[in-house]
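The numbers here are math on the coordinates, done by the rules we state, and not lab data. Bear in mind that the values here come from a model prediction, so they are computed numbers and not experimental data. Backbone-built Cβ (ideal geometry, glycine too); neighbour counts: all protein chains shown.
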């Protein structure tokens, strides 16, 4: 949930789930059933900046940890309770805890579930004011050359302590800041301020990233998880979908899946665009190597690239799956074990191929072949090898145009088009060796054609439309 604007002094902002009781809904400033979808074992965070490079204002729980049912023990627990911040808490938790919820007992009071007495207002009785959080210049980001960072604080006369090893500085821990700090490698800088008349400031932190340059996808795939890399070559997008902002990219050495759930990449790309200078980390999930981008790489460096998929057998794909993972390949001579001219493709479903040798999975939701009959016979299919935690190694076509009939290519039917009673009539002479004919249509002759039907007839009729392009393919 994105917040903007200014919250006036002595004011509060209440966000409620749509299923909350009416007393809560009556005083809510906003209804949001996504961010307030809390079951007791979920961390919450208030951040400034972007999800990809956040500055934490406050953290509830521990981000990335699943405590089971909840943090804490009854009566001070994060499930089925109303928790109210203690009145003497002066600032939020600005650094994700190492483990657990260490401030649950020291910063929160527990009341029965749906206690609304304290909702919409808060008593604040602090002691001396906290020092202002230190400020870094430059702030964190991606860098290609060594930098020097200065730290300042708007509270006069304070002492600043900082760390570069990930630990949290305090009044007694960390280096006392006296001169600018030289940073040459990926570093997380944390700092606090304190002094006479001030309590300890919130922890300020910034992440300075110096990625390792790699020129090929093969080098990127061989990278170490958690290390930042910059891919300096040019990779071509072979498929993209809105789910988790995923993109499959490849160069002439290998391919990888970009999993961009945070939306770090904001540029809009077209299929077969070339991209470069993407920065992020690699990790394996469900047996599949993935790349998580840190920032937007900018406009495409090339467009309309031509990718000629490698032609391989299904046995070769099964035997050397890692070599082809995420790469656009054409698998030759594939048949679907359960195809019967009735079964159709549905989202997220497995279809065994070649007597169970490997599964085809409809991983890409609502592409144009969803709802179409699973084809019988022998096919050559262009697609992307992918894997999942439960189902293992899989193969998925991007769209219907990726399917072509295997074997001898029959001549194209010579089609005659006529109009009768506001219908378009397509007719053709029989093609020797053909057992049926697949009718495909598109709104653009250079776009993707989708299957309309498969027929054994030699003519078909469709309602006339302002613009439609048809093609008839003979099937052996």
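Multiply the residue separation of residue 414 and residue 143 by 0.36 nm, subtract the distance between their alpha-carbon atoms, and state the gained length in nm to one decimal.
In short, 91.5 nm is gained.
If the chain between residue 469 and residue 47 were fully stretched, how many nm would it gain, using 0.36 nm times the residue separation less the Cα-Cα distance?
Between residue 469 and residue 47, full extension yields 146.8 nm more.
May I ask you to derive the relative contact order of the stretch 361-462, considering only C-alpha pairs under 8 Å and at least 6 residues apart, and to give it as an integer percent?
Taking the mean separation of contacting Cα pairs over the length of the stretch 361-462, I get 22 percent.
By DSSP, what percent of the beta bridges with both residues in the stretch 213-293 are antiparallel, rounded to the nearest 5?
85
What Kirkwood hydrodynamic radius, in Å, does the stretch 310-405 give when the mean of 1/r is taken over all pairs of distinct Cα atoms and then inverted?
13.1
Assuming R0 = 41 Å, can you tell me the calculated FRET efficiency for the pair residue 368 and residue 31, based on Cβ-Cβ distance, to the nearest 0.05?
My answer for the efficiency is 0.65.
Taking every pair of distinct Cα atoms and averaging 1/r, then inverting, what Kirkwood hydrodynamic radius in Å comes out for the stretch 415-475?
After inverting the pairwise mean of 1/r, the radius is 12.1 Å.
Once the principal axes of the Cα atoms of the stretch 135-209 are found, what is the range along each, listed largest first in whole angstroms?
Sorted from largest, the Cα extents of the stretch 135-209 read 41, 21, 18 Å.
Per the Cauchy relation, a quarter of the hull surface: what is the mean projected area of the convex hull of the alpha carbons in the stretch 15-112, in nm²?
So the mean shadow area of the Cα hull is 7.0 nm².
Put a dot 7 Å past each Cα toward the Cβ at residue 462 and residue 19; how far apart are the dots in nm?
4.4
Report the rotationally averaged projected area of the stretch 384-429 based on its alpha-carbon convex hull, in square nanometres.
6.4
When averaged across all projection directions, what area in nm² does the alpha-carbon convex hull of the stretch 238-392 cover?
The Cα convex hull of the stretch 238-392, projected and averaged over all directions, gives 9.2 nm².
Two decimals is fine: what's Rg over Rh for the chain, C-alpha atoms, Kirkwood radius as Rh?
Computed over Cα atoms, the ratio is 1.09.
Relative to 2.2 N^0.38 Å, what does the C-alpha radius of gyration of the stretch 198-317 come to as a ratio? Two decimals please.
1.22
How long is the gain from residue 346 to residue 118 if the chain were fully straight, where each residue apart is worth 0.36 nm and the alpha carbon distance is subtracted?
This chain segment gains 77.2 nm when fully extended.
Grab the beta carbon distance between residue 199 and residue 242, set R0 = 35 Å, and tell me the FRET efficiency rounded to 0.05.
0.15
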